[in-house]
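**Q** My questions all concern the structure below.
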């Protein structure tokens, strides 16, 4: 198990954004014999291919001997996590400090993101199409970045506000540089002297120009230009994510827990990927979906609320011989409708210090193994994909034979918790699907907590699921 967990920590450290996560996935997949489907003309039993979209979502297929339109065994996780995103015109200077203007992504408690070390990770695309990768804050010699907060001595009014309001979204701007500051009195004195000198010499009235007031910003931008070769205008075609700086660590004297950013949902993504790469498709075709945009509703071309999956399946069908699949849309529809899927997503771990929020009998516990959630949604199961008991029984049987530890749970009490996953998008194709993942404490916080044992059991459970017939 220790080797698996070390690989997991390295996966989290190397994949703090969905783009970097896909890069990690493709590197591992290609080492395992997977090829780009766009460069593959024909497929047969035993073929291994991947389909990627915009560098932010990827789907792996391991073609089995059974007819493809009889369905696949699918593991589906998401690889995006809550964070801050730089705006399109992000850099500004204010009174000697240079800021990166941000917009938060996904469900966060805004106050958790102030006064912690942050790193910047993403890409800047220049006008000529050159893609420049930026990742600063995680290496030992890197600078880090931070969002300031009001000192407690002056926070009387702030402390009266409710938690959702005392840190405003527009105040989540990251300090990325500073310089010598001139107070207003000195600035006005200089302006008066410059004005007098200019008039004395017969020149025009002189004022402290905007350029002079933005010297610190210009200095920061010159550093970026020198190191990366892009201009301020190039930031308009950039995708820079602000994430916690630091590496995944063992937590606790017994090292039984993992403390890291992005474990929702990269814990399940890692376990799904490893199970996929370590499995052989003897009968049904195996599939692993690692998708983007789940934290904001799965919208967009790289999310599950798109034609990402059925387009990928159509590419597979077009390359298979008729002995494995028919041609056209009907084969695509049948393959999806006849599939089994685990929506590999995390669940809220029971919190002993806040046990009033949970139905203990229907909660997931750290160290309890793989968590199954029959339905998600909120309040009267709104927005849920409710798994069929016949399907659950099939899964229980195969997991029991593989000696996998698992538990069944809900997110919290009925009128307290709630949330969605990608399960209902898969169910829209008519396939059997249930949520199955890892219990997470402090979910959606900059640093989340999981059990090393649960990561290992998720891997075992996902691998056993892929043998389902």
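Each value in this text was obtained by applying a stated rule to the coordinates, not by laboratory testing. Since we're looking at a predicted model, the values are computed, not measured. FYI the Cβ positions are ideal-geometry reconstructions off the backbone, even for glycines, and counts take in every protein chain you see.
**Q** Please order 277, 466 by the number of other Cβ within 10 Å, starting at the fewest.
**A** So the ranking, lowest neighbour count to highest, is 277, 466.
**Q** By the gyration tensor of its Cα atoms, with a ≥ b ≥ c the square roots of the eigenvalues, what is the shape of the stretch 241-288: rounded for a/c under 1.5, prolate for a/b over b/c, or oblate?
**A** Oblate shape, in that a/c is at least 1.5 and b/c is the bigger or equal ratio.
**Q** Using 0.36 nm per residue, how much length does the chain from residue 27 to residue 89 gain when fully extended, once their Cα-Cα distance is taken away?
**A** Gain on extension, residue 27 to residue 89, equals 19.0 nm.
**Q** Would you mind classifying the stretch 82-134 by shape? Square roots of the alpha carbon gyration tensor eigenvalues, ordered a ≥ b ≥ c; an a/c under 1.5 is rounded, otherwise it is prolate if a/b is larger than b/c and oblate if not.
**A** Note, shape of the stretch 82-134 comes out oblate.
**Q** While we're on this one: May I ask you to derive the FRET efficiency for residue 142 and residue 397 from their Cβ-Cβ distance with R0 = 35 Å, giving the value to the nearest 0.05?
**A** The value I calculate is 0.10.
**Q** Now a separate question. Stokes-Einstein D for the stretch 1-154 at 25 °C, 0.890 mPa s, Kirkwood Rh over Cα pairs, in µm²/s?
**A** 128
**Q** Related question: How many nm separate the modelled label positions at residue 361 and residue 236, each set 7 Å beyond the Cα in the direction of the Cβ?
**A** The modelled label-to-label distance comes out at 6.1 nm.
**Q** How far, in degrees from 0 to 90, does helix 308-319 lean away from the longest principal axis of the Cα atoms of the chain, to the nearest 10?
**A** Its long axis makes an angle of about 50 degrees.
**Q** Follow-up question, since we're still on this one. Any idea how far apart residue 219 and residue 329 come out in nm if each label point goes 7 Å out from Cα toward Cβ?
**A** Rounded to a tenth, the inter-label distance reads 6.2 nm.
**Q** Computed FRET efficiency, Cβ-Cβ of residue 165 and residue 41, R0 60 Å: what is it to the nearest 0.05?
**A** My answer for the efficiency is 0.55.
**Q** If you build the Cα gyration tensor of the stretch 26-81 and take the root of 5 times each eigenvalue, what three semi-axes come out, in whole angstrom, biggest first?
**A** Semi-axes, largest first: 20, 15, 10 Å.
**Q** Beyond 20 Å, what share of the Cα-Cα pairs of the stretch 340-464 is found? Please give it as a whole percent.
**A** Of all Cα-Cα pairs in the stretch 340-464, 40 percent lie more than 20 Å apart.
**Q** Under 15 Å from a point placed 7 Å out from the Cα of residue 322 along the Cα-to-Cβ direction: which residues of the stretch 37-72 have their backbone N that close?
**A** Label zone hits: none.
**Q** Moving on. Report the FRET efficiency, 1/(1 + (r/R0)^6), for residue 65 and residue 337, where r is their Cβ-Cβ distance and R0 is 22 Å, rounded to 0.05.
**A** 0.60
**Q** Let me ask another. Sorting check: for 160-167, 110-117, which peptide has the highest mean count of neighbouring beta carbons within 10 Å, and how do the rest follow?
**A** 110-117, 160-167
**Q** Of the labelled options (i) 49.9; (ii) 27.5; (iii) 24.5, which one gives mean projected area of the Cα convex hull in nm² as computed for this structure?
**A** So the structure-derived entry is (ii).
**Q** Neighbour counts of other C-beta atoms within 10 Å: give me 302, 376 arranged from fewest to most.
**A** 302, 376
**Q** Highest mean first, what order results for 258-265, 89-96 on Cβ atoms within 10 Å?
**A** The most tightly packed comes first, giving 258-265, 89-96.
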